[in-house]
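J.: Have a look at the structure that comes next, please.
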Amino acid sequence: MNKILKNIAFAVVASLSFAACTDVDLCTNEEHPHLAVVELGYDWNGVEANDSMIVLPYRCMSAWGCTYICTPDGTKGRYISNAPDSTVLNDTLKVKAGELRFLTVSYDTNNQGFSYRNVLNSAAIKYGTINLQYRPYKLNSALLLDAYGKGIAAFENMGYNYILNGDMFNPIYSQYTDVMNISSGVNSIEFAPKSVLTNFDFNFDISAQGVTIDNIVAHLSGIPYRYNLTSEKPLADSTAAVLFDVNSSGASKYSGRAAVAGLLRAANSESINGAGILTLAISVTNGAGSTKVYKVATSLYNYIPGLENLLYGSDREFEIDAPIVITNNGVDVSAVSSTGARWFKM
């Protein structure tokens with residue numbers, strides 16, 4: 001008898017729980033009483049934003065979502081898919097009330113750096129498959145040749161796919177909010193999107209004795225090829241390489257910046273192949289007026305403290321203080337850095 005009573009009590013509790021979980025979804029009124037209006041705003045923190053913004057509301061219970069596109073200030077917009085009822089109006093975002101998260105991302109289909117994967121698919125957010133993917137470029141593409149000149153021929157046959165450095169295209173900004181309790185009536189959300197790119201700054205010690213340094217191009221491997229917009233991190237299942245300029249900052253000091261989605265750490269301190277390898281192509285003119293390109297590489301393993309394998313999200317600065325000395329007799333990279341790392345001739 002006690003067992004029968006326990007089973008009945010369990011069934012009653014389960015029935016009540018089911019009703020509570022599905023009450024919103026079972027409402028069939030023409031003007032849904034559980035819809036909520038969401039007024040959107042954006043804090044751009046001084047960034048000049050020109051792209052449209054995609055907004056993907058995601059209701060955790062019942063995995064409901066829709067796709068909405070709006071102006072950078074959020075005041076004008078329209079549905080792209082899955083509007084919650086038939087009475088929605090342009091410039092008004094209505095959602096199903098409850099616990100929701102909101103993904104917003106800048107949207108420019110002409111962006112030369114990234115292409116979009118599932119950004120307009122309101123169902124994809126449930127599976128975490130909304131990504132940005134770098135557009136691939138050949139080393140001899142017009143964009144790269146125009147940006148870095150013929151000196152990039154030094155990187156031929158290295159076997160990498162190439163992506164554009166962040167200074168060559170408009171960055172993409174995104175944000176995936178925490179869970180918000182959206183109630184019937186009017187709700188306000190102010191987004192503060194951030195660039196998906198991380199700045200990696202490199203400082204070098206390169207001295208020229210009897211020769212003139214004409215140009216330096218850096219080559220950095222281990223850039224994650226995709227960026228997931230709901231986990232807000234790069235996906236390191238495949239990687240590419242990026243080029244960036246290195247410029248003089250006085251005396252033997254040089255610096256350059258890679259603005260990329262992230263960076264994979266090198267396998268070890270001696271490797272000069274694979275991820276996390278920095279290579280320089282240094283074009284010089286010697287005392288006789290002849291030109292030559294010297295190529296040197298170093299592993300970034302020793303420059304990354306701790307055991308971090310994938311760097312992203314926070315800007316980093318690397319002091320590559322192992323000196324490079326170039327004379328009429330060639331390039332000298334015999335000295336090691338303060339971290340114990342060194343350059344290798346290629």
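J.: Accessible area of region 219-279 with a 1.4 Å probe: how many percent of it is carbon plus sulfur?
T.: 43
J.: Follow-up question, since we're still on this one. For helix 2-26, report the angle its Cα long axis makes with the longest principal axis of the Cα atoms of the chain; keep it between 0 and 90° and round to the nearest 10°.
T.: That works out to roughly 70 degrees.
J.: Moving on to the next point. I'd like the carbon and sulfur percentage of the solvent accessible area for region 293-346, probe radius 1.4 Å, heavy atoms only, ligands and nucleic acids excluded.
T.: 48
J.: Can you list the trypsin sites (Lys or Arg not before Pro) in region 89-139 that are in a DSSP coil and have 12 or fewer other beta carbons within 10 angstrom?
T.: K138
J.: Still on this structure, please answer the following. Rounded, prolate or oblate for region 274-346? Axes are the square roots of the Cα gyration tensor eigenvalues, ordered a ≥ b ≥ c, and the cut-off for rounded is a/c under 1.5.
T.: In terms of gyration-tensor shape, prolate.
J.: Between N110 and S195, 0.36 nm times their residue separation minus their Cα-Cα distance comes to what?
T.: 28.9 nm
J.: What number comes out for accessible area per residue over the chain if the probe is 1.4 Å? Units Å², please.
T.: Value returned for the chain: 48 Å² of accessible area per residue.
J.: Under the definition of Cα pairs under 8 Å and six or more residues apart, what whole-number percent is the relative contact order of the chain?
T.: Here the relative contact order equals 15 percent.
J.: Using R₀ = 30 Å, calculate the FRET efficiency as 1/(1 + (r/R₀)^6) where r is the Cβ-Cβ separation of D321 and A142; round to 0.05.
T.: According to the calculation, E is roughly 0.25.
J.: A 27 angstrom limit on the alpha carbon distance is what I want to check against. Which of K150/K233; K76/K96; K138/K253 exceed it?
T.: Check vs 27 Å cut-off fails for K150/K233; K138/K253.
J.: Another question, if that's okay. Roughly how many Å is it from the Cα centre of region 295-340 to that of region 243-289, as a whole number?
T.: Each part reduced to its Cα centre gives a spacing of 8 Å.
J.: Distance in nm between label sites at L120 and D73, each 7 Å beyond Cα in the beta-carbon direction?
T.: Placing both labels 7 Å along Cα→Cβ, they lie 2.7 nm apart.
J.: Shifting gears a bit: Leaving ligands, DNA and RNA out of it, report the carbon-plus-sulfur percent of the accessible area of region 54-108 at a 1.4 Å probe.
T.: 49
The values are calculated or read from the model by the stated rules, or taken from the named source; none is laboratory data. Owing to the predicted nature of the structure, the values given are computational and were not obtained by experimental measurement. Cβ sites come from the backbone with ideal geometry, for glycine too, and all protein chains shown count toward neighbours. Note: accessible area is taken over every heavy atom of the protein model, side chains too, but ligands, DNA and RNA are not part of it. Shrake-Rupley method; radii C 1.70, N 1.55, O 1.52, S 1.80 Å.
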